[in-house]
Amino acid sequence: MRLGLFKTFTAAFALCGLLFTQAATANDFSKEDLKKLDQVEDYLNDLKSFAARFEQNVAGMQPSTGVFYFKRPGRFLWQYETPDPVKLVSDGGLIYFHDDSNNQTNQVPREGIADFLTREKINLTDGKFKVEYINDRNGLLHVAIRLKDDAAGDIGNTLSLTFLKGPLQLRQITTTNQFDQPVEVLFFNIRENADLDTQIFKFTPPQYREN
């Protein structure tokens, strides 16, 4: 995976600045659905840090594996281990994409899911989101959110979050790439609200490092 393809994924998962089409209103969902949305918001807002291994799957491509960390506010690290050693990292300020194989670094926009997860307050009905559907079955809760087309550009327009129930736990994120192919990220070996060392989010681009 090199910068072109990886940026498509990171644009969807890097976070912070994306706007969404319109607010979901009380008329869009049943009282039970709105209660479930409240539970999702409470879970996400109580999630001050998250650490997990992940597997990313796209049809016709070799699976990618690695580790994902985030710590509020604004810090995250997507560290790909296979098939290519690349990472997307932010300590709350700039976001860098770094390819270990050629020691190349690029700054990328602050937009996508990682920034969504690391914002101080998440409110799914505050006017910045359109919740497409809520699906509760087989012990899993699925919540799909539609992204604003002109902000999304070439990334997927819909973001789906899958939670294991009883208690809630984020297990999967699904979006689409520029070819309208599903991009599925599965989390396992999850640690929630662990005391993560902020040093793991520090990154100095190679051109600024002292010899």
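Here, each number is a calculation from the coordinates, and none is a lab measurement. A quick note: this is a predicted structure, and the numbers were derived from the prediction, not measured. Glycine gets a Cβ as well: all are built from the backbone with ideal geometry, and neighbour counts include every protein chain shown.
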Under 14 Å by backbone N from the virtual spin label 7 Å along Cα-to-Cβ at residue 204, the residues of region 51-93 are none
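How much length would be gained if the chain were fully extended between residue 144 and residue 197, taking 0.36 nm per residue of separation minus their Cα-Cα distance, in nm to one decimal?
Details: separation 53, 0.36 × 53 = 19.08 nm, distance 3.15 nm.
Working it through step by step, the gained length comes to 15.9 nm.
Full extension from residue 65 to residue 135: what is 0.36 nm times the residue separation minus their Cα-Cα distance, to one decimal in nm? Working shown, then result.
Working: separation 70, 0.36 × 70 = 25.20 nm, distance 2.73 nm.
Difference between extended and current length: 22.5 nm.
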